[in-house]
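One structure is given below, encoded as structure tokens.
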Protein chains: 2
Amino acid sequence: MSAMILVVEDEPAIRELVVLNLQQAGHRPVVADSAEQALALVRESLPDMILLDWMLPGMSGVEFARRLKADGRTRDVPIIMLTARGDEQDKITGLETGADDYITKPFSPRELNARIKAVLRRRAPQMAGDAVEVTGLRLDPATHRVTGNDRPIELGPTEFRLLHFLMAHPERVYSRAQLLDQVWGNHVFVEDRTVDVHIRRLRCALEATRHDGLVQTVRGSGYRLSVHT
Amino acid sequence: MSAMILVVEDEPAIRELVVLNLQQAGHRPVVADSAEQALALVRESLPDMILLDWMLPGMSGVEFARRLKADGRTRDVPIIMLTARGDEQDKITGLETGADDYITKPFSPRELNARIKAVLRRRAPQMAGDAVEVTGLRLDPATHRVTGNDRPIELGPTEFRLLHFLMAHPERVYSRAQLLDQVWGNHVFVEDRTVDVHIRRLRCALEATRHDGLVQTVRGSGYRLSVHT
DNA sequence: GCCAATATGACAATTTGATGACAAAAATGC
DNA sequence: GCATTTTTGTCATCAAATTGTCATATTGGC
């Protein structure tokens with residue numbers, strides 16, 4: 001949970017509505033009332049998701065989305081578009097442009113939350129708040145608990161986030177730089193080698209239940225969580 | 001228990017019926033015979049739930065609900081709509097507008113109570129009025145009493161609400177910010193660290209019956225009530 | 001064996017939570 | 001209304017856990 005979500009919406013009433021709802025759901029909303037302002041914010045720091053009104057004064061939502069999709073840095077940020085009811089053409093254009101989902105106004109908070117969670121699950125599993133399990137190793141973000149074959153495992157905050165990320169994206173190699181971005185945050189200044197140390201601490205903790213083998217070193221590339229040898 | 005429930009219904013007979021039933025169940029009913037009057041009442045003070053007749057003279061129930069959902073202050077108030085039997089379109093419109101549940105007239109008092117309780121449980125478990133118990137620690141909202149292994153425990157108002165919330169949502173971690181929102185109210189300006197102090201006071205009180213271990217610190221994340229070590 | 005990459009253990013700085021004290025504010029009793 | 005008692009929020013301080021970095025050992029590939 002706790003995803004940073006950028007809300008681009010010019011109508012103050014709806015904006016506040018959405019913001020309150022997001023906070024309630026445990027996310028961190030950031031607002032912009034125009035595509036221009038949104039672009040500036042995105043340049044500062046990447047959100048985990050964007051809720052985008054399709055009808056905006058100035059630069060339209062379509063154009064804004066197109067720019068995001070054209071930039072490699074922002075290409076992968078999921079977009080949910082907010083459209084007026086029945087505006088079929090918008091939906092088509094939107095999905096073609098690369099939006100991940102759309103919601104027609106007026107929408108219920110429940111529906112909004114459901115779609116956000118669905119998109120997060122697809123695009124950024126570690127933010128969806130679901131428990132993950134791999135061969136007896138289980139991590140539950142809601143209770144903040146880790147167990148190996150049902151025996152509790154103690155982890156420091158960083159090791160917890162690191163394991164969470166790796167378990168949410170198993171079988172894939174991540175460079176130290178990528179891990180720093182994903183687990184530490186994309187604006188910190190930390191040595192690459194620091195990742196090694198935390199990997200070691202993580203392995204240490206997992207050793208108790210023989211799950212340390214899951215965290216594998218890929219020489220020259222980085223680390224990977226894998227069930228295979 | 002003791003939720004303040006706004007009943008919006010133009011037919012006096014049904015209104016009285018519902019009111020009596022609500023009182024019987026321990027709630028505090030407030031009545032309005034039109035959406036306009038209801039809006040005025042809501043402006044005064046927020047009810048915990050609204051029972052809304054879908055067929056109203058003047059402003060319709062749909063429109064009334066829509067307005068409530070459009071205002072951040074009233075957005076989260078659960079709505080149960082009362083519809084005539086078989087009016088399927090109403091149900092659909094109603095649920096889309098954000099109603100939490102519906103009941104078709106005529107309904108039995110039992111059914112009404114059941115649905116009210118269900119919605120309260122879903123939306124604000126600590127308002128449902130059920131006593132909660134965890135390993136000998138018992139909190140009863142109805143009598144406003146806390147006991148540990150049947151020995152009475154004294155708590156200040158804030159500690160009571162805090163424990164109530166935690167017991168209503170066991171095993172889950174809540175950040176200090178979330179606890180402030182849920183226990184203090186989402187509009188107060190209080191230091192995050194204040195939560196620490198109240199947690200400590202709560203633990204102090206629970207110490208007498210060895211239940212202080214239930215309130216656990218999750219370093220870097222927040223607090224949790226859990227039966228596990 | 002050599003080289004580069006990674007693992008490891010130790011360490012100091014920083015962060016985080018616990019605790020006791022205190023004054024303001026609210027509730028209560030008279 | 002006024003005095004007394006509770007409750008509340010904040011702070012300063014202490015103890016403990018976490019974190020990033022480094023120096024050094026180990027490993028794997030060639």
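The values are calculated or read from the model by the stated rules, or taken from the named source; none is laboratory data. Since the model is a prediction, treat every value here as computed from it, not as a measurement. FYI the Cβ positions are ideal-geometry reconstructions off the backbone, even for glycines, and counts take in every protein chain you see. Surface accessibility is based on the protein's heavy atoms, side chains included, excluding ligands, DNA and RNA. Shrake-Rupley method; radii C 1.70, N 1.55, O 1.52, S 1.80 Å.
Given the C-alpha centroids of region B:1-70 and region A:170-229, what is the distance between them in whole angstrom?
56
Tell me the accessible surface of B:TYR102 in square angstrom (1.4 angstrom probe, heavy atoms of protein chains only), to the nearest ten.
About 70 Å², ignoring ligands and nucleic acids.
Suppose you put the label 7 Å out from Cα in the Cβ direction; list, shortest first and in nm with one decimal, how far B:PRO57 is from each other copy's label.
Those label-point separations list as 4.2 nm.
If each label sits 7 angstrom from Cα along the C-beta direction, how far apart, in nm, is A:GLY72 from its counterparts in the other copies?
Copy-to-copy label distances for A:GLY72: 3.9 nm.
Starting from a Cα-only point model with no solvent, please compute log10 I(q)/I(0) by Debye for the protein assembly as shown at q = 0.06, 0.09, 0.13 1/Å.
-0.33, -0.74, -1.31
Return the distance in nm (one decimal) between the two label points of a simple spin-label model at A:ALA131 and B:VAL188, each offset 7 Å from Cα along Cα→Cβ.
Those two pseudo-labels are separated by 3.2 nm.
Please figure out what share of the DSSP beta bridges in chain B is antiparallel and state it in percent, rounded to the nearest 5. Could you put the intermediate results ahead of the total?
Numbers: 15 of 33 bridges.
Here the share of antiparallel DSSP bridges comes out near 45 percent.
Taking a label point 7 Å out from Cα toward Cβ, give me the nm distances from A:PRO157 to the same spot in the other copies, shortest first, one decimal.
Computed spacing set for this position: 3.3 nm.
Suppose a student asked you for the relative contact order of chain B, using Cα pairs under 8 Å spaced at least 6 residues apart; what percent would you report? Write out the running numbers ahead of the final one.
On the way: 348 pairs, mean separation 29.8, N = 229.
Worked out over chain B, it gives 13 percent.
Within chain A, which is the longest segment containing none of the GluC sites (Glu not before Pro) that sit in a DSSP loop and have at most 13 other Cβ atoms within 10 Å? Mind dumping the intermediate values first?
Working: sites that count: A:GLU154, A:GLU171, A:GLU191.
Longest stretch, sites excluded: A:1-153.
Report, in deg cm²/dmol and to the nearest 500, the calculated mean residue ellipticity at 222 nm for chain B, where each DSSP H run with n ≥ 4 adds -39500 (n - 2.57) and the sum is divided by the residue count.
It lands at -11500 deg cm²/dmol.
How far apart, in nm, are the 7 Å Cα→Cβ label points at A:ASN113 and B:ARG201?
Placing both labels 7 Å beyond Cα along the Cβ direction yields 2.9 nm.
In nm, what is the difference between 0.36 nm times the number of residues separating B:GLN37 and B:ALA84 and their Cα-Cα distance? Please report the intermediate quantities before stating the final value.
Details: separation 47, 0.36 × 47 = 16.92 nm, distance 2.19 nm.
My answer for the length gained is 14.7 nm.
Send over the Kirkwood Rh of chain B, from the inverse of the averaged 1/r over different Cα pairs, rounded to one decimal Å.
Values: mean 1/r = 0.0520 Å⁻¹.
Mean inverse Cα-Cα distance, inverted, gives 19.2 Å.
Give me the one-decimal nm value for the distance between modelled label points at B:ARG151 and A:THR147, 7 Å along each residue's Cα-to-Cβ direction.
3.1
Which three extents, in whole angstrom, do the alpha-carbon atoms of region A:129-229 cover along their principal axes, largest first?
So the three principal-axis extents are 35, 29, 21 Å.
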